[in-house]
Amino acid sequence: MTLSEKTDPSAKKQRNWAATILIGISIIYLLFILYIPTLNLFYFAFRNGIGPFFANMTTPAFLHAAWLTFILSVITLPLNTIFGLCAAWAIARNQFPGRAFLLSLIDLPFSISPVVAGLMIILLYGRQGWFGEFLQEQGIRVVFAFPGIVLATAFVSMPFVAREVIPVLEEMGKEQEEAAKTLGANGWQIFWRVTLPHIRWGVLYGLILTNARAMGEFGAVAVVSGNIRGRTQSLPLFIEDAYKQYETQAAFSAAVLLALLAVVTVILKEILERRTHSNRRTH
Amino acid sequence: MAVSSHSQQFPPNYRSKRQSLLETIAQIPWTWVVTYVYLGIMLLVPMLAMFTKAATESPENIWRIATSPIALATYDVTFVTATFSALLNGVFGSILAWVLVRYDFNLSIGRFTLPIKNFIDASLDLPFALPTAVTGLTLATVYSNNGWIGSWLAPFGIKVSFTRLGVAVAMTFISLPFVVRTVQPVLQEMEREVEEAAWSLGASKWQTFWKVIFPPLFPTILTGVALGFSRAVGEYGSVVIIASNTPFRDLIAPVLIFQRLEQYDYSGATVIGVVLLLISLIMLLCINLLQAWGRRYDVK
């Protein structure tokens, strides 16, 4: 336990009624908002036993949704990682006017409603959109098809890698990189041998968060996908669709799968945070 | 990622005036090109498309759509409920952060320790990681009239699922971590000596809290509240599942945009989208200002 680092050893002695009340309030609050709902999820998925749970995992609609979700993550991760590393390097290694503005710009996808993100994609690539006519002539469908879903997913998970890598790069400083340069290393060598080993946990952390968001995105994908079962339905869309069709068991089975992904994300995040010994960062 | 420093400054130094535009562009480090091109394609061009689409309507029309009774009702549900949820998390999130930083409540039984505190600390990230559709599904079930919590509330006439209260529960869930995770590091770095000094000078615990601990913490709490609010305003997935999405009752603005799009009413969707986007931009500005205010206390 690394507890002794976190808490004051004298804290225990000072525990009084105020502490007991505050801890109690916290736990009750979390029970109602977080723990009971999460437990409920697993209960409903498995209340009829393991059989129905797995039966739902073999329906074509579910398999397609799971496959689509997986592919989305496979495409989005490298895109956002390359962008994230470039943006982080540009921001952490350079001082220039408008730096704070660029930083806010990168954060923007977090504060834009996913539905608005989807709307923007429709206004660009939809039938009446800027590129709509051109794309139609080429026979390419973006909206209500796979490319639109990829765009929406990449949009909402765009900032994670950059956000996680910037503080690590800043903390590292550029002395070592400059030393490597004077010793004759080229850009790639410096990146692979000097920079990357330093920032790898930050990058990994960003990747985990990007993956969780990419696989779980609902709003933006719902707007651009058209929500066609077995064709443009990702797992989160499948959950809502199944729930609305009163296929509760199917909805909860799929939800548990995504919830497990979330639990793994949280555990990995905790491990990485302990490894880097850094302060907790907010999103 | 190239790291040669002299040619990487941006904008590059233009040494020769005979350089063509192409050569100048070729001199920009490619990391910059990737950053700006990706931001442009993914963020700036789409935003521009939305603003120009909104601008094709006449100002009167924009105003009429943006302030139609149904739109005003959705703003009421969205912004008032998001404010309520953000403030609720402001209070309970601060308590949680305090409890996690200051108290040790891992259960020790002999040599065996039950890491309750570590578990709570780690589990606070779950709302970030849990897909919103999953959140909506389970909250709707738990808080429905025959759900685990809903069935206890039903005898008192309190309906949660498919009402505005349900919207509040969903918004509270998804914005839960913001205040805790913003306040926690600040509280951790705050020095106990200052408090102890206040005590030794005869201040009561309550005075110490109000005069010593609270002032530097306040901007941080507000930042967390603003972050939670801005997330709650944009939330779609969990709310659309737990609410009945009835206009004038529990319809939120993002769902209204979605419904407009389903009716191929692109102008209507765009105008309300622009309203939401402007609110997001204002919130981003507020958060930046709040963070600058909070940094005033970082005297080291």
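The values are calculated or read from the model by the stated rules, or taken from the named source; none is laboratory data. Quick caveat, the model's predicted, so the values are computed rather than measured. Reconstructed Cβ throughout: ideal geometry from the backbone, glycine too, with neighbour counts over all protein chains shown. Surface areas here come from the heavy atoms of the whole protein model, side chains and all, with no ligands, DNA or RNA. Shrake-Rupley method; radii C 1.70, N 1.55, O 1.52, S 1.80 Å.
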Any idea what Rg and Dmax come out to for chain B if you just take the C-alpha atoms, in Å?
24.8, 82
For the stretch B:211-300, which whole-number percentage of the solvent-accessible area (1.4 Å probe, protein heavy atoms only) is attributable to carbon and sulfur atoms?
64
Let me have the 222 nm mean residue ellipticity of chain B computed from DSSP H runs of 4+ only, each contributing -39500 (n - 2.57), with the sum over all residues rounded to the nearest 500.
-20000 deg cm²/dmol
Shape verdict for the stretch B:110-244, please, from the Cα gyration tensor: rounded (a/c under 1.5), prolate (a/b greater than b/c) or oblate.
prolate
Between B:Val37 and B:Asn61, what is the spin-label point distance in nm, taking each point 7 Å from the Cα along the Cα→C-beta axis?
3.7
Dividing the surface of the Cα convex hull of the stretch B:108-151 by four yields a projected area in nm² of 4.4
What nm distance separates the two modelled labels at A:Ile50 and B:Leu285, each placed 7 Å from Cα along Cα→Cβ?
5.8
Find the relative contact order for the stretch B:145-300 and round it to a whole percent, using C-alpha pairs within less than 8 Å whose residues are 6+ positions apart.
28
Using all C-alpha to C-alpha distances in the stretch B:27-103, build P(r) with 10 Å bins and read off the rounded percent in each one.
15, 18, 21, 24, 19, 3
Counting only C-alpha contacts under 8 Å and six or more residues apart, can you give the relative contact order of the stretch B:34-158 as a whole percent?
7
Take the Cα atoms of the stretch B:61-122, find their three principal axes, and give me the spread along each one in whole Å, biggest first.
71, 16, 14
I need the Debye-formula profile for the stretch B:175-270: one equal scatterer per C-alpha, no solvent, reported as log10 I(q)/I(0) at q = 0.13, 0.16 1/Å, two decimals.
-0.64, -0.76
Let me make sure I get this right: for the stretch A:1-154, a, b and c are the square roots of the gyration tensor eigenvalues over alpha carbons, sorted descending. Under 1.5 in a/c it's rounded, otherwise prolate if a/b > b/c, else oblate. Which is it?
oblate
Quick check on my link table: of A:Lys174/A:Lys269; B:Lys117/B:Lys205; A:Lys244/B:Lys117, which ones sit more than 32 Å apart, alpha carbon to alpha carbon?
A:Lys244/B:Lys117
Over 30 Å apart: what share of the alpha carbon pairs of chain A falls there, rounded to a whole percent?
47
For the stretch A:102-202, state the semi-axes of the equivalent ellipsoid (square roots of 5 times the eigenvalues of the alpha-carbon gyration tensor), sorted largest first and rounded to whole angstrom.
39, 17, 10
Expressed per residue, the solvent accessible area of chain A in Å² (1.4 Å probe) is about 45
Quarter of Cα convex hull surface for the stretch A:212-283, i.e. mean projection, nm²
5.8
Kyte-Doolittle at least 1.6, axis length at least 24 Å by Cα - qualifying DSSP helices, chain A:
A:60-92
Counting pairs of alpha carbon atoms under 8 Å apart in space and at least six apart in sequence, what relative contact order in percent does chain A give?
27
Looking at the stretch A:73-117 from every direction and averaging, what is the projected area of its Cα convex hull in nm²?
3.8
Relative intensity, log₁₀ I(q)/I(0), of the stretch A:134-257 from a Debye sum that treats every alpha carbon as a point, q = 0.10, 0.19 Å⁻¹
-0.52, -0.98
Taking every pair of distinct Cα atoms and averaging 1/r, then inverting, what Kirkwood hydrodynamic radius in Å comes out for the stretch A:91-160?
13.7
Share of alpha-carbon pairs per 10 Å distance bin for the stretch A:32-114, given as whole %
13, 22, 25, 21, 14, 4, 0
Describe numerically, in nm with one decimal, the distance between label points set 7 Å from Cα along Cα→Cβ at B:Ile213 and at A:Leu272.
3.2
Checking B:Leu22, B:Leu222, B:Leu281 against a Gaussian network model of chain B (alpha-carbon springs below 10 Å), the top fluctuating residue turns out to be B:Leu22
Hey, could you get me the Stokes-Einstein D for the stretch B:167-231, Kirkwood radius over alpha-carbon pairs, 37 °C and 0.692 mPa s, rounded to whole µm² s⁻¹?
249
Bins of 10 Å from zero: percent of alpha-carbon pairs in the protein assembly as shown
3, 16, 26, 26, 18, 8, 2, 0, 0
Helix-only [θ] at 222 nm, chain A, -39500 (n - 2.57) per DSSP H run of 4+, per residue, nearest 500, equals -22500 deg cm²/dmol
